[in-house]
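What follows is one structure encoded as C-alpha cells, with my remarks underneath.
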Amino acid sequence: MEKILYGAMYSFKEIKSSKIFYSFLIFALILISGSYFVSQTSFINQGRIMVDFSIFAISIFNIFIGIFIGSSVVYDDIEKKSVFLALTRPIRRTQYLIGRFLGLAAAIIFSTIIMMLIFYFVLLIMHKFIVPAMPVVKTVRHAIKPPLAGSMPFTLYSLPQPLIIQGFFIIIESVFISAAALLFSLVTSKALASIFAILVFFIGNVSSRMNDLIKPVRKVINGKTVTVHQANHTLAAIVHFIYTVLPNFSLFNISSEAAYKISVSGGGISYRIIYGICYTALLFVISSLIFASKDIA
Amino acid sequence: MIELKNVTKYFRVGFFGNKKNAVKDLSLNIEEGQVTGFFGPNGAGKSTTIKMIVGLINPSVGGIKINGYDASDYRARLKLGYLPESPSFPRGLKGIEIISYYSNLLNIRASKDAIDEALKSAGIFHAKNIQAHKYSKGMTQRLALAISILGDPEILIFDEPLSGLDPIGRKEFKDIIFKLKERKKTIFFSSHVLADSKELCDRIAVLVNGRLIKNKDVAEIEKEAEAYSEERKDNSLTGEYNTPLEIYLYDLMLKSGKN
C-alpha cells in the first residue's frame, strides 16, 4: 500500500509540474474569469450565462487533462524508459500502475478544486448565483458567545448544491475518461490513444440522445394507437449496442440543473457515482492485465 | 544466483507477425560474488537478455530464476539493482526527489544521510537540487547508478554502464565497480567494449546473434587467447585492440557473426 501511495505522490508531483497540465489550468482560469464579460452580452440571466460558460470551461479542460495526460502518463514512461528503474524495484506492475493512476486522479481533483474556487470567487465578486450558507452561519452564531452572537460582520456564501455536485461529477467524468485514455495508450500510440479517448467521450455524450431518437414512438393514426419505428432495425440495433457498451457520459452533465438551481436527488447522485466508479474500475482492471503481461523493451 | 535455462525470446515483426529471434536457447549461470562481463556486438541480444533477467520482458521459452524466484516475480528483485542503458527520468523532479522516491519503493525509508551518501558515492551530490531533466548524460547515468546501488543490493545488473561517458566518467565508474567487486557483490554487466573485459571481469560470456558462444573464467579465456595469438599471424588489428584477449574476443565475435 505504501508503495502505491509513494507512486501516487511522485506521479502527482510530476503531473503538477508538467507543461500540459498548467497550460490547461491557466486557460481554464482565464475562461472562468472571463465568463463575466461573456455574461454582459445578455440583459437577462447573466448569472446563468456565467455558470453555463464556466462549467463548460471547467469540464472541458479537465476532460482534456484526463485525456492528454492519461494517454501519456504510462506511455511516456515506457517510451522514455523512465519506467525501467521503477519496475526493476521490488514492486508489482499493478502497484506501479495504480500509483500512476491515483497520481493522475489527484491532479484532476486538484485542478477541479482550483477551478471551482476561482469560479466561486468570480461569482462572489459579481454577487451572482451564490447562496447564503445558512447552516454554517447558524452553527457559527451558536458557537460564539454573546455579545458577538447575532452580529456577524459578514455573511458566508456558498455555491448552490447542484453546482457543487456538478464539480464533483466533473472529477468523476475526467478520471473516467483518463482511465479510457490510459487503457488505449497501453495498446496503441499516444496520439491514437488520445483520439480514441476523444471519440469515446464524444460518442458517450451523444449516445443516449441517439438512443432516444431511434426508440419506437406511439402515435395516434386514424383514431388508433400504433407503434412507429423511426429507424430500421439494423440501425436501431447498432445505436442501441453503442449506447449499451460505451459509457454514457451525458449522465455526468447536470449543467441544466446547475443553471436553474434545481437540486439533484441523493439517489441520482449515488447512481452516477457508482456508475462512474464501476466503469473506471473495469477499465483499470483491463489496463492492469495488459500492463502485467506487456514486454517493456 | 541468477539462472537462465534454455531461454528463447522472439518478437513478432512485420504485418504478418513473423517471429524474429532475439535470443536463442540461452542457458547461463551467473555465480554469486563474481563479476560477469556480457560481451557481444550491437544487436546480439545482450540488452534483451538483461531485460528478461530484471523482469521487463518475459521469455518466450525457458525460465529465469533469481535467488530461487522467477524473474517475473517482484520478490526476485528484492536484492537486485539495475542500471539501464541510457536511463531517463521524468521532467520536473529534482535529483533528490527522484532518489527519495526509489528508496521509498524499496521500503528502506532511507534517511537524509543515507540518500546523501548514495548521491555522494555516485558523484552527483552537488546537483541534488537540480531538476533531473536538466542533467547531462553523465550526470543522468550517475543518478541512475545511485538509484541502482540504493539499499545495498547483492546483485547488480548494468546494461552498457560505460557507454557515452567521457574518459573521467569511465574511470570513476570503473572505480565504483571495483569497489563493489571488493565487497563481493554479484555483478553482471553488458558491454561491447572489449577493453573492459580483463580489468573488470572474473568471467566472460559472449553472445552473438542471440546465441551464447562462450562462457568461461577470464583465466581460461586468456589461455585460449594466448594460444590463438600464437597461431594468428596477421597483426592488422593491433592498433585497435592491444591485448591477445581483445583480439581473440574480436575474432570470435566476427567469425560467429558470419556463421
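Points worth noting:
- In the elastic network of chain B, a GNM with C-alpha springs shorter than 10 Å, the most mobile of B:K65, B:K112, B:K24 is B:K112.
- Cα-Cα P(r), chain A, percent of pairs per 5 Å interval: 1, 5, 10, 13, 14, 13, 12, 10, 8, 6, 4, 2, 1, 1, 0, 0
- B:E32/A:L124 FRET efficiency (R0 60 Å; Cβ-Cβ; nearest 0.05): 0.30
- Taken over the C-alpha atoms, the range A:198-251 has Rg and Dmax values of 13.6, 47 angstrom.
- Reciprocal mean inverse distance between Cα atoms of the range B:56-111 - Kirkwood radius, Å: 13.6
- Per residue, the convex hull spanned by the Cα atoms of chain B amounts to 143 cubic angstrom.
- Cα-Cα pairs of the protein assembly as shown separated by more than 33 Å (percent): 56
- If R0 is taken as 45 Å, the Cβ-Cβ distance between A:K80 and A:F241 corresponds to a FRET efficiency of 0.70.
- Residue order for A:T188, A:T155, fewest other beta carbons within 10 angstrom first, comes to A:T155, A:T188.
- With a Förster radius of 41 Å applied to the C-beta separation of A:A297 and A:N232, the computed FRET efficiency comes to 0.25.
- Pairs of Cα atoms farther than 16 Å apart, the range B:90-153, %: 33
- Farthest positive-ward along the protein assembly as shown dipole, Cα basis, beta-carbon charges - from A:Y120, B:H133, A:V200: A:Y120
- The alpha carbon radius of gyration of the range B:47-141, expressed as a multiple of 2.2 N^0.38 Å, is 1.24.
- DSSP H segments from chain A that extend 24 Å or more along their own axis, Cα-based, with Kyte-Doolittle mean of -1.0 or above: A:19-39, A:46-64, A:93-126, A:161-187, A:190-214, A:266-292
- The distance linking the range A:160-213 with the range B:65-137 is 36 Å (Cα centroid to Cα centroid, whole angstrom).
- Unit Cα scatterers, Debye sum, the range A:179-297: log10 I(q)/I(0) for q = 0.17, 0.19 Å⁻¹: -1.02, -1.11
- Centre separation in Å (Cα based) which lies between the range A:232-283 and the range B:1-26: 46
- Among B:39-52, B:156-169, the order from most to least packed when residues are scored by Cβ within 10 Å on average: B:39-52, B:156-169
- Size of the range A:1-116 as Cα extents on the principal axes (Å, biggest first): 63, 26, 17
- Evaluated with a Cβ-only charge set (Lys, Arg +1; Asp, Glu -1), the range B:90-153 carries a dipole of roughly 300 debye about its Cα centre, given to the nearest 20.
- Where only C-alpha atoms are counted, convex hull volume of the range B:65-208 per residue in Å³: 125
- Size descriptors for the range B:25-75 (Cα atoms only): Rg and Dmax, in that order, 11.4, 32 Å.
- The alpha-carbon atoms of the range A:152-221, seen along their principal axes, cover 57, 54, 13 angstrom, with the largest extent given first.
- Partner chain coverage, peptide A:4-17 - average Cβ within 10 angstrom: 3
- The percentage of C-alpha pairs in the range B:140-252 whose separation is greater than 24 Å is 32%.
- Evaluated at q = 0.22 Å⁻¹: base-10 log I(q)/I(0), Debye formula over Cα of the range A:222-287: -0.97
Just so you know, all these numbers are worked out from the coordinates, no wet-lab data involved. In this text, all values refer to a predicted model and were calculated from it rather than measured experimentally. Positions of Cβ are backbone-derived with ideal geometry, glycine not excepted, and every protein chain shown enters the neighbour counts.
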